[in-house]
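Comments concern the structure below.
The values are calculated or read from the model by the stated rules, or taken from the named source; none is laboratory data. These figures come from a predicted structure and were not determined experimentally. Neighbour counts are summed over all protein chains in view; Cβ atoms, including those assigned to glycine, are modelled from backbone coordinates with ideal geometry.
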């Protein structure tokens, strides 16, 4: 009677352990355990379980344990990779981690057997522990699985070291040999050695990843701050322009006020108001380079910097009043490009400080070329200029991100004694098509006007 009960419990133990391994491996790989996936994984468990049973019948239990990696684990890796499009590293991590988790039930079974000297207690303890660990692991894997699924190959490789080392160690010393039970000091201490090595590797990778994440977050914050400052500066220029327009409109009243002050002998107050007006005018004077307000403001805002640094600048723009790109992104690109050009050209020797700026709209695309001299050529890494100075280098990154938001691309390069920025910006889809259609209509109208005989009626 006891023997038959043990056989039933033996079968249940192996079935629950096998299904635990299949489902836990999939969950740790980020596979959602819904009804469809559960049925598929159950089918995979039945197939691999049948292969294990055949091996057990043919060669006995020891033989079945020895070929377990070939008839269960390897097919499961292939299945997970093929069915759920997982990387082999992730699938191996899931399976070896699930195998490592089986040691909870293994220890509980050994403890139960040591306490009762009963094989039935051993199997009952293992079955109960397997079910309990599966419930906890399934809940935990729902959070950790998707995170593992997006890790890089390097991170997965580091995480795989510990479960893989234990997997190989267990099979080498417990299944294929009896070294673990021989009492060899080298064998017993190997796990401690592997654990220390894994911890040091994990610590190195974790610190590197943490530092890279912190750097990326800091750069993202700096870029957002620069974009926000650009938007505020653009709005400030527009507001100042509106105030100046109102002031010009009310110039008659302003002059009358000045005349009254002078007549009453308050010449100091009159001069103060005149100085304030001149300062406002100088600060908000927007030179007209083209029909587009944003472009005019961006170019005008750097006039004083260009003059103060003795730079010879050739600024050209041919942009219509309305274009289908965001004002904030366009202003960010232009202001960062000019700021970088002024900074570089200012470091060049006197008489060699030049900036060429050309912006035009052609076939629905904004084409930008900024060229400037420099004192020392910047170092280029992956097509981007880099700087060794802390807090610098965000301008070019901000340009690249803003251009990409406008469905464009940009290029930085050194051309002789000039540093060049070339950018193409446009809007995708209906905006671009509408812009091209309007330009085509305008060209046809211009052509028709040019071909109309002099004196003909419109």
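I need the full set of residues from segment 41-68 which are under 40 Å from the mean Cα position of the chain (by Cα) and buried (at least 17 other Cβ atoms within 10 Å of the Cβ), in order please.
Scanning segment 41-68 gives 41, 44, 45, 48.
Quick grid of which residues meet (1) closer than 20 Å to residue 21 by Cα; (2) modelled with pLDDT of 75 or more:
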residue	(1), (2)
162	yes, yes
171	yes, yes
174	yes, yes
180	no, yes
188	no, no
192	no, no
209	no, no
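Among the residues of segment 171-185, which ones are surrounded by 14 or more Cβ atoms within 10 Å (Cβ to Cβ) and in contact (Cβ under 8 Å) with a residue 40 or more places away in the chain?
171, 175
Residue by residue through segment 132-155, note down the ones that are buried (at least 18 other Cβ atoms within 10 Å of the Cβ) and more than 26 Å from the chain's Cα centre (by Cα).
133, 134, 137
Condition test on residue 377, is it assigned to a loop (DSSP other than H, G, I, E, B), more than 27 Å from the chain's Cα centre (by Cα), at pLDDT below 90 and not assigned by TED's automatic domain parsing to the domain that holds residue 340?
Spelling it out, it is not the case that residue 377 is assigned to a loop (DSSP other than H, G, I, E, B), more than 27 Å from the chain's Cα centre (by Cα), at pLDDT below 90 and not assigned by TED's automatic domain parsing to the domain that holds residue 340.
Report yes if some residue within segment 326-333 is in contact with a helix residue (DSSP H, G or I) (Cβ under 6 Å, 6 or more places away or on another chain), surrounded by fewer than 22 Cβ atoms within 10 Å (Cβ to Cβ), in the same structural domain as residue 409 (by TED's automatic domain parsing) and more than 26 Å from residue 408 (Cα to Cα); otherwise report no.
No, every residue in segment 326-333 fails to be in contact with a helix residue (DSSP H, G or I) (Cβ under 6 Å, 6 or more places away or on another chain), surrounded by fewer than 22 Cβ atoms within 10 Å (Cβ to Cβ), in the same structural domain as residue 409 (by TED's automatic domain parsing) and more than 26 Å from residue 408 (Cα to Cα).
Scan segment 341-369 for residues that are part of a helix (DSSP H, G or I) and surrounded by 23 or more Cβ atoms within 10 Å (Cβ to Cβ) and jot them down.
Across segment 341-369, the qualifying residues are 341, 345.
Take residue 47 and tell me if it is touching a residue at least 24 places away in the same chain (Cβ under 8 Å) and part of a loop (DSSP other than H, G, I, E, B).
no
Is it the case that some residue within segment 375-383 is buried (at least 21 other Cβ atoms within 10 Å of the Cβ) and in contact (Cβ under 8 Å) with a residue 12 or more places away in the chain?
no
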